[in-house]
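Notes for the one structure printed next.
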Amino acid sequence: MSDLTFEQMLEDSLKTIHTGEVVEGTVIDVKPDEVVLNIGYKSDGILTRNEYTNEPNVDMTTVVKPGDTMEVKVLKVNDGEGQVLLTYKRLAADRGNKRIEEAYNNNEILTAKVAQVLDGGLSVVIEEIRIFIPASLVSDTYEKDLSKYAGQEIQFVISEYNPKRRRYIGDRKRLLVAEKAEQQKKLLESIHEGDTVEGIVKNVTDFGAFIDLGGADGLLHISEMSWGRVEHPKKVFKVGDKLKVLIKEIEGTKIALSLKFDDQNPWKDAAAKYAVGNVVTGKIARMTDFGAFVELETGIDALLHVSQISRDHIDKPADVLKVGDEVTAKVVDFNEEDKKISLSIKAMLAPEPKEETVSQKEDDADVVSVDIEAVIASEEESSEEN
């Protein structure tokens, strides 16, 4: 018969554990701030809230329950009271550290929920490893307010791995840039000059609007926004507007857009509507010292020279006309190639019974054809210089 007592045999049947060892235990009791586990040792193991997670004020009764099994690491075999102190978060951190290292070496895409929004970026947690994503690496565009990311799951790669300094840096921008490059490539392969595509106004500037075509942005220049004159893009478009636009030109990755569709070109029927001798009505759109520009329809302006406003001598059109006035005049010159039309009110007036003076004959002969586009361009350049 063995000389060993029952207590000695029981103790010999229990395993030996060492500090740093990973053991499996079964939860036998749960309190809000600690968990008691049977780890097959002569003493039960104690897992405190602080050694379970880095998250503050976690109620342990909400995360584990009696009967659960879990792997833990032995922190101290005897805490002075015969209890074994355990840690879960340090074991998770060891494994997380290895996980992050593998992801860094393999350039793996990780997914995690944003744990905190900080002044300088975002904080996410992967297996108890806290990873910082600087604001400059959160997006491919500047974002002043990052609060919208709170609680969201985001994807990123590890751009810096330094376990000695506990420095783990994530990069979301790299993924967005790569994704947009791929989308841009697919878009450029699918569109051609002359195509009509849908887009959304992304940004409006003084010179035009940038349109998101779903993979790349195209520029809708102010000169291509209408067959008529556009005073300022912001008076026509706002961010978020949906548009059907014409692909005017593709040069590398630059895409020029237009809203001047050929079937809407006001000049296609102009030869018949504005033939010489026709009487037309329009509104004064702009004034110069030498004449007034009359908008006959969107995209077609005609020049009413100062000498053709009246038989009486007029120094400046502004002396008798103002912007917005409606006038009726006769077409005295039509040049479809150069897109120039000249009008005359005087030509509609009944001839005076008395003989015309030499001066009046010279005025009547003074029907001019002016390059409207050149005049407008000259006015704009002068305005910019001032």
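A DSSP coil position with no more than 14 other Cβ atoms inside 10 Å describes the following chymotrypsin sites (Phe, Trp or Tyr not before Pro) in the stretch 285-343: 290.
Think of each Lys and Arg Cβ as +1 and each Asp and Glu Cβ as -1; about the Cα centre, that makes the dipole of the chain roughly 1160 debye. So which chymotrypsin sites (Phe, Trp or Tyr not before Pro) in the stretch 231-273 pass both tests, a DSSP loop state and at most 16 other Cβ atoms within 10 Å of the Cβ? Answer in residue order: 261. 3J(HN,Hα) along the stretch 118-127: 9, 4, x, x, 10, 10, 10, 10, 10, 6 Hz, from the Karplus curve 6.51 cos²θ - 1.76 cosθ + 1.60 with θ = phi - 60°, whole Hz, x for Gly and Pro. Tell me the label only: which of [x] 33.0; [y] 18.4; [z] 23.5 is mean projected area of the Cα convex hull in nm² as calculated from this structure? Computed from the coordinates, mean projected area of the Cα convex hull in nm² corresponds to [x]. When you filter the chymotrypsin sites (Phe, Trp or Tyr not before Pro) in the stretch 196-235 for DSSP loop state and at most 15 other Cβ atoms inside 10 Å of their Cβ, you are left with 207.
Remark: the residue 76-residue 102 segment gains 6.4 nm on full extension, using 0.36 nm per residue and subtracting the alpha carbon distance. Summary: within the chain, the longest segment free of GluC sites (Glu not before Pro) located in DSSP loops with at most 14 other C-beta atoms within 10 Å is 232-335. Largest GNM mean-square fluctuation among 84, 117, 320, using the chain with Cα springs under 10 Å: 320. The mean sequence distance of close C-alpha pairs (under 8 Å, at least 6 residues apart), as a share of the length of the stretch 15-133, puts its relative contact order at 22 percent. For residue 131, the residues whose amide H sits under 5 Å from its own are 124, 125, 126, ignoring neighbours fewer than 5 places away on the same chain, with H placed 1.01 Å from N. Surface composition of the chain: carbon plus sulfur atoms hold 47% of the accessible area, using a 1.4 angstrom probe and ignoring ligands, DNA and RNA.
Computed over the stretch 169-318, the percent of Cα pairs more than 29 Å apart is 39.
For the chain, leaving out every one of the trypsin sites (Lys or Arg not before Pro) that falls in a DSSP loop and has at most 12 other Cβ atoms within 10 Å, the longest unbroken run is 16-143.
Cross-link partners of residue 42 among lysines, defined as those whose alpha carbon lies under 29 angstrom from its own and excluding same-chain residues fewer than eight positions apart: 15, 31, 65, 73, 76, 89. Largest first, the three principal axis extents of the alpha carbons in the stretch 237-335 are 58, 31, 23 Å in whole numbers. Restricting attention to the stretch 131-217, lysine pairs at least eight places apart or on different chains and with alpha-carbon atoms under 25 angstrom apart total 12.
The values are calculated or read from the model by the stated rules, or taken from the named source; none is laboratory data. Computed from a predicted structure; not experimentally measured. With ideal geometry, Cβ positions are generated from the backbone for all residues, glycine too; neighbour counts draw on all protein chains shown. Note: areas computed on protein heavy atoms with side chains; ligands, DNA, RNA excluded. Shrake-Rupley method; radii C 1.70, N 1.55, O 1.52, S 1.80 Å.
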